[in-house]
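Contents: one structure, followed by commentary.
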Amino acid sequence: MNPLSAIWQRIPVLVRAVLVGLLVLFFGAGGFFGLLFVVRKLTTSIPSAGGPVFLVVGGLFLWGYWRYLGGAGWPRRTAEARRKNLRAARLPGRVWAWALSGGALAVVGYVALVHVWGRLIRVPPWTSPGLSGYSLLTVLCILLAAAVEAGVVEEAAFRGYMQAPLEKRYGPRVAIAVVSVLFGFVHLANGYHELTWLLPYAIFGAILGTLAYLTNSILPGLVLHATGDAVRFFLTWKLGVLGSNPNQPLIWQSGPDRSFWMNCAVAVIFGFAAVWAYRKLAVVARLESKSS
């Protein structure tokens, strides 16, 4: 073992996992959006080609990124460690069905909880990016590519490279809690207005982190993450803004109304349904693991 490797091994697993996870995140997101900038510059004279070109180029980048994190490429001595940390294991159909069902129930409850949160404190809504001058095809390509990037890069970084080592060292509860909090804080890179979103982002991270732990795979979370972002990006672009209504009074000002209580009810009902589905998923995943 060389001196650098010896020093690295002395660093606590918590610090190593966080640093590696953030490196995976910044390399993936930086490379992807760097390509977006280059493609937009190169296709200035042909705006209608920008979106399709970027969808192809971005897809190729993510394919190579995914392959490398999964163990392909140099150095070969790290291939197995990279494959384990990515933990993109293929899953049986029954596990997929329960994972997506439970995750979907949790996401519905989460959306309702976001609306409740938006009545407790002022939460800035999501706004549409500056895509007004582009064709429908270009916008759809960019939004789809961005949603897939978020699913691939963030799940690989947080629920894969960061959470997997923490689970082995500290157990799933600590690992999911730490990663979910960091998942929320990383979004501050979008601006300090994201401070009010820290709790909702952490809850969303816990939903995906629990899925990754129960299935020992980031694939179900990746599908849910990318699909959810695709829907959110599209609705935000179509509506201009999405989320809490800044003109709607907080419950401290007007008292809880019918809308507030309905969102509370949806959050509780779908939350309990998601817990039941996650419990069922844990049983099915354990049985499938023993039979394989």
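Here, each number is a calculation from the coordinates, and none is a lab measurement. This structure is a prediction, so every number in the text was calculated from the model and none was measured. So basically every Cβ, Gly included, is an ideal-geometry build from the backbone, and we count neighbours across all protein chains shown.
Here are the numbers for this structure:
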| read-out | value |
| --- | --- |
| Aspartates and glutamates whose Cα lies under 18 Å from that of residue 238, excluding same-chain neighbours fewer than 8 positions away | 229 |
| Charge dipole magnitude, Cβ of K and R +1, D and E -1 - the stretch 54-104, Cα centre, debye nearest 20 | 260 |
| Percent of alpha-carbon pairs separated by more than 29 Å within the stretch 3-291 | 40 |
| The stretch 136-187 - charge dipole about Cα centre, Lys and Arg +1 at Cβ, Asp and Glu -1, debye rounded to 20 | 260 |
| Within-12-Å neighbourhood charge of residue 225 [Cβ basis; K, R +1; D, E -1] | -2 |
| Highest-first arrangement of 98-105, 198-205, 227-234, 5-12, where packing means the average Cβ count within 10 Å | 98-105, 198-205, 227-234, 5-12 |
| Using θ = phi - 60° and Karplus 6.51 cos²θ - 1.76 cosθ + 1.60, couplings along the stretch 198-209 (whole Hz; Gly, Pro as x) | 4, 5, x, 5, 5, 5, 4, x, 5, 4, 6, x |
| Residue (of 282, 65, 184) at the positive-pole extreme of the chain, dipole from beta-carbon charges | 282 |
| Cα-centre dipole for the stretch 40-158 with unit charges at Cβ (Lys and Arg positive, Asp and Glu negative), debye to 20 | 420 |
| Mean Cα-pair separation over length for the chain, i.e. relative contact order, pairs under 8 Å, 6 or more apart, % | 30 |
| 222 nm mean residue ellipticity, helices alone, for the chain (DSSP H n ≥ 4; -39,500 (n - 2.57); rounded to 500) | -24500 deg cm²/dmol |
| Gap separating the Cα centres of the stretch 160-191 and the stretch 85-103, nearest whole Å | 20 |
| 5 angstrom amide H check on residue 241, placed H, neighbours 5+ away | none |
| Charge-dipole axis of the stretch 3-291 as Lys and Arg at +1 and Asp and Glu at -1 on Cβ define it, positive-most pick from 42, 201, 250 | 201 |
